[in-house]
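The structure appears right after this line, and notes come after that.
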Amino acid sequence: MKKAVKIILWVFLGIVIMLGILFAGFVYKVKNGFPVSYETEVPKIAFPANQPAILLFSKTSGFRHSSSIEASKKVVADMGKKNNWFVYETEDGGVFNAKQLAKFKTVIFNNSNGEVINDLQKRTLEQYVENGGSLIGIHGAGDNSHHWPWYVENLLGSEFSHHSLKIPHETAGIITDKQSDSLLTTGISKKWSRADEWYVFFENPRKKEFQILYTIDGEKIDPTANIPILAPNKNFGMGKDHPVAWHKRVGKGKTFYTSMGHDETAWKDTNFVKLIENAVFWTIK
Ligand SMILES: [Zn+2]
């Protein structure tokens, strides 16, 4: 074999191996999050009197939904101004201490994923919710990178399975469920559709005693999308009845989750924004 051909083959092999390593690293990050340091110092927060405090927590160690997280900050800050809420946006896990958490009416896991708080901080958040606090999760907050049984049981109801890899994202009509709580759907159009990255869970949270708020018709999207290995099991326990927003009472507290919110388009969608606003109202009332 000519020397030049050999060099080309070796370079090609090198590129293939490098791409393989990069892909394996990406898959690992998505499923587990890369290790991060935990903050344990208590941050200084000036809580104003007479304003409900909302914690918008945007720390990630898994796949970072940057465009959604960045767009959310201004929208939620404006929502706070409009409603006289104190919105505290942070990526500092030190805030998960009993004394400060007790001052927040609601904690929002804003596409927060991976293992971003330590075991003690997780237990503190669990107790905060069970004693009357609230936890809201948006989109990536529902993926399978948290490795936290309490969180899956009380916020999600089921482990995340996968999402479509189709780009552009599929558009689906958002169906108001007959179980819906009117406080949570007020001001939201009955004719609402959006393109999002539709998450598929192994089981339907409806079967786990969660109140379903919105669904999509799971038969009108391709839940396996272009992941051929999933094709034989196309519905994965969700099927036609495919919830995309649900909530639960946990002890004296409340949880709310929506699988919508992959990118910045969500924060320009007045119905999605209203849903998040309603969720906060529901949790602080
Ligand atoms: Zn996403």
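Every number in this text was worked out from the coordinates using simple rules, so none of it is lab data. From a predicted model like this one, the values you see are computed outputs, not experimental measurements. Note that we place each Cβ from the backbone using ideal geometry, even for glycine, and neighbour counts take in every protein chain shown.
Can you tell me the FRET efficiency between A49 and I21 if r is taken as the Cβ-Cβ distance and R0 is 41 Å, rounded to the nearest 0.05? Mind dumping the intermediate values first?
Values: r = 54 Å, r/R0 = 1.31.
About 0.15, to the nearest 0.05.
For K166 and R249, calculate 0.36 nm times their separation in residues minus their Cα-Cα distance, and state this gained length in nm to one decimal.
Details: separation 83, 0.36 × 83 = 29.88 nm, distance 3.43 nm.
Roughly 26.4 nm would be gained on extension.
Treating only the Cβ atoms of Lys and Arg (+1) and Asp and Glu (-1) as charged, compute the dipole magnitude of the chain about its Cα centre; round to the nearest 20 debye.
200
Dipole size in debye (nearest 20) for the range 139-285 around its Cα centre, Lys and Arg Cβ +1, Asp and Glu Cβ -1? Before the final figure, lay out each step's value.
Working: 18 positive and 18 negative charges, 115 e Å.
Charge dipole, the range 139-285, about its Cα centre: 560 debye, nearest 20.
Restricting to DSSP H runs of at least four residues, report the calculated mean residue ellipticity at 222 nm for the chain, -39500 (n - 2.57) per run over all residues, nearest 500 deg cm²/dmol.
Values: 6 runs with 83 residues, N = 285.
Rounded to the nearest 500, it is -9500 deg cm²/dmol.
Hey, which lysines would be in cross-link range of K99, C-alpha to C-alpha under 29 Å, not counting anything within fewer than 8 residues on its own chain?
Here the lysines satisfying the reach criterion relative to K99 are K44, K59, K73, K74, K81, K82, K122, K248, K252, K254, K285.
Pop the C-beta distance of K73 and K285 into the FRET formula with R0 = 30 Å and round what comes out to the nearest 0.05. Please report the intermediate quantities before stating the final value.
Values: r = 24 Å, r/R0 = 0.81.
After rounding to 0.05, the efficiency reads 0.80.
Between T270 and Y28, how many nm apart are label points set 7 Å from Cα along the C-beta direction?
Using points 7 Å along Cα→Cβ, the separation is 4.7 nm.
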